[in-house]
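The values are calculated or read from the model by the stated rules, or taken from the named source; none is laboratory data. Everything numeric in this text was worked out from a predicted model, so none of it was measured. Note that each Cβ is placed from the backbone with ideal geometry, even for glycine, and that neighbours are counted across all protein chains shown.
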Ligand code: GLN
């Protein structure tokens, strides 16, 4: 048998080592997520040249949740430009949980969630869904069941929307914004689609399979910088310290890291740590990056560790 490709070998090793690691628990504040089988595990790499490698339950479609924020941020950057996004949202780490009210209080109500555009809620939703599909794959789609589950239990997020409104950082009806945000979190995608989003970001906005430019090249470094600052919420610093790649998690169990110019590394496994990041997802992605020698802060000449 021919030797497997080094990327495939790195994936197989990481999957074998961490694919069934115990620990963590499914998100349960969204009822839909509590019932996702917690043994599911998948790991995938999509390179900027479109080549793909994977292991595990890679075709299982899971909830995108907060990973959607990088897609909506991309749309906001395309529509408004980076200066306005920085002024209205900011790009600093809060050091606090993803749904922290305290973070808003500490920053005079300045938001952490993506800018929403003018226009009707339906129009905004369709554009947000379209950018998820353009960055990833056409089969990313809303789950009515998941959306109903989230809309029925998002009182905390509705409170955040009203606080943003009160502080002057909401540019449309707050309940409409919360409705669209909840829908953007309620799409399903598989681990290959997630890695494809990573590859599009890795290539400066060019889709790895279609070759189409989805984003302006100047916007992707800003998305990756935001991912470094806040992608794993209050454990983003530990991730940067140990792995050194921009990354984004979602409470659906998805986990994505980007190696600029090279690849997206994606994983899925439902059990989360206390910060809301996939326990096995982080381990698997970190192991692939480490085996392949990718860490943005390592000088090319220095050998690991
Ligand atoms: N829809 C979820 C929420 O807003 C997403 C959170 C996440 O993935 N971190 O609570």
Can you run down the residue pairs with Cβ atoms below 6 Å, 6 or more apart or on separate chains, where the first is in segment 173-188 and free of Cβ contacts under 8 Å to residues at least 40 places away in the same chain and under 15 Å from residue 72 (Cα atoms) and the partner is more than 9 Å from the ligand (Cβ to nearest atom) and part of a helix (DSSP H, G or I)? 178/158; 178/161; 182/151
Quickly run through segment 116-156 and pick out the residues that are touching a residue at least 60 places away in the same chain (Cβ under 8 Å) and touching a strand residue (DSSP E or B) at 6+ places or on another chain (Cβ under 7 Å). 132, 136, 140, 143, 146
Listed by range, helices (runs of 4 or more DSSP H) wholly within segment 52-148 having at least 2 residues that are at pLDDT 95 or above and closer than 25 Å to residue 228 by Cα are 68-80, 121-135
Residue match in segment 161-178 (condition: part of a helix (DSSP H, G or I) and within 12 Å of the ligand (Cβ to nearest atom)): yes
How about segment 181-195: which of its residues are within 12 Å of the ligand (Cβ to nearest atom) and assigned to a helix (DSSP H, G or I)? 181, 182, 183, 184, 185
Which of (1) within 15 Å of the ligand (Cβ to nearest atom); (2) within 30 Å of residue 289 (Cα to Cα) is the odd one out, the single condition residue 158 does not satisfy? (2)
Looking at 281, 254, 276, 264, which one is within 16 Å of the ligand (Cβ to nearest atom), surrounded by 23 or more Cβ atoms within 10 Å (Cβ to Cβ) and touching a residue at least 60 places away in the same chain (Cβ under 8 Å)? 254
Could you grab me the full set of residues in segment 1-51 that are in a loop (DSSP other than H, G, I, E, B), within 16 Å of the ligand (Cβ to nearest atom) and in contact (Cβ under 8 Å) with a residue 60 or more places away in the chain? 24, 26, 27, 29, 30, 36
Taking residue 225 as the residue in question, decide whether it is touching a strand residue (DSSP E or B) at 6+ places or on another chain (Cβ under 6 Å) and either more than 14 Å from the ligand (Cβ to nearest atom) or within 20 Å of residue 30 (Cβ to Cβ) (or both). no
So, in segment 52-65, exactly how many residues are surrounded by fewer than 24 Cβ atoms within 10 Å (Cβ to Cβ) and touching a helix residue (DSSP H, G or I) at 6+ places or on another chain (Cβ under 8 Å)? 8
Set 257, 301: member being more than 18 Å from the chain's Cα centre (by Cα) and either modelled with pLDDT of 95 or more or over 20 Å from residue 226 (Cα atoms) (or both): 301
Take residue 74 and decide whether it is crowded, with 18+ Cβ neighbours inside 10 Å, more than 16 Å from the ligand (Cβ to nearest atom) and farther than 23 Å from residue 286 by Cβ. yes
Give segment 231-251 a look and list any residue that's in a loop (DSSP other than H, G, I, E, B), within 15 Å of the ligand (Cβ to nearest atom) and within 21 Å of residue 19 (Cβ to Cβ), or say none. 232, 250, 251
